[in-house]
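Visitor: Take a look at the following structure, please.
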Amino acid sequence: MSKAAIHFFTEEISFTLKNKTIIRNWLRETISAEGYVLEELNFIFCSDEYLLGINQQYLDHDTYTDVITFDNSEAAKTIVGDIFISIDRIKENAKEFKHDFMDELCRVMVHGTLHLLGYPDKGKAAKKIMTEKEDLYLAKLVLKPTT
């Protein structure tokens, strides 16, 4: 079987993800460590307005958000999904929380992936577990400096 696919797309913005191979391998290792099999995972980087439209249309929420995850898998312990990420929100959050942009982006990418792995984030206990998992997997990611 060929390597499971992780794709990166953009909608309504111009954005190029750096360290794609490193990030793909890191996400594959994260999924594998949780006992899941990756079939296909799509990251769609977009604008605030694009993600707001998805939030309104599919989730009936009228708010900006940084990430929305759609689980399209049909078999247990299998990952097939789409993760939409607002680059506008990532930039704002990185600034607000005084994080590096790439650190914030990778946190949100693994957050969306963890949702596909069955981790919720509603409620204090679930949020605590989600943050611990994010931290665990982020600690395993080593990005090459970009110029």
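The values are calculated or read from the model by the stated rules, or taken from the named source; none is laboratory data. These numbers come from a predicted model, not from an experiment. Note: ideal-geometry Cβ built from the backbone for every residue, glycine included; neighbour counts use all protein chains shown. Note: accessible area is taken over every heavy atom of the protein model, side chains too, but ligands, DNA and RNA are not part of it. Shrake-Rupley method; radii C 1.70, N 1.55, O 1.52, S 1.80 Å.
Visitor: Quote the convex hull volume per residue of the chain, based on C-alpha atoms, as a whole number of Å³.
Guide: Value for the chain: 128 Å³ per residue.
Visitor: Hey, any idea what % of the chain's accessible area is carbon plus sulfur with a 1.4 Å probe?
Guide: 50 percent
Visitor: Compute log10 of I(q)/I(0) for the range 1-74 with the Debye formula, placing one identical point scatterer on every Cα and leaving out solvent, at q = 0.19, 0.20 Å⁻¹, to two decimals.
Guide: Log10 of I(q)/I(0), two decimals: -0.93, -0.99.
Visitor: Roughly how much of residue 16 is accessible, in Å² to the nearest 10, using a 1.4 Å probe?
Guide: Rounded to the nearest 10, the figure is 90 Å².
Visitor: Another question about this same structure. So what are the radius of gyration and Dmax for the Cα set of the range 104-147, in Å?
Guide: Considering the range 104-147 through its Cα atoms, Rg and Dmax are 11.6, 40 Å.
Visitor: Let me ask another. How many percent of the alpha carbon pairs in the range 65-147 exceed a separation of 15 Å?
Guide: So the pairs more than 15 Å apart make up 62 percent of the total in the range 65-147.
Visitor: Run the reach check for residue 20 against lysines, Cα to Cα strictly under 28 Å, same-chain hits fewer than 8 apart removed. What comes back?
Guide: Correct list for residue 20: 3, 77, 91, 95, 98, 127, 133, 140, 144.
Visitor: Expected output is a single nm value to one decimal: the length gained when fully extending between residue 40 and residue 21, i.e. 0.36 nm times separation in residues minus the C-alpha distance. What is it?
Guide: Using 0.36 nm per residue and subtracting the Cα-Cα distance, I get 5.3 nm.
Visitor: Ok, one more. How many nm is it between the label spots at residue 92 and residue 13, if each spot is 7 Å from the Cα in line with the beta carbon?
Guide: That separation, rounded to one decimal, is 1.1 nm.
Visitor: Further, regarding this structure: Using Cα pairs under 8 angstrom and six or more residues apart, how large is the relative contact order of the chain, in percent?
Guide: 23 percent
Visitor: I've got another one for you. Along the Cα-to-C-beta direction of residue 59, a point sits 7 Å from the Cα; which residues of the range 100-122 have their amide N less than 11 Å from that point?
Guide: Hits in the range 100-122 for residue 59 at 11 Å: 112, 121-122.
Visitor: Next question, about the same structure. Could you work out, for the range 36-95, what percent of all Cα-Cα pairs fall into each 10 Å distance bin, beginning at 0 Å and stopping at the bin that holds the largest distance?
Guide: All Cα pairs, binned at 10 Å, distribute as 24, 43, 27, 6 percent.
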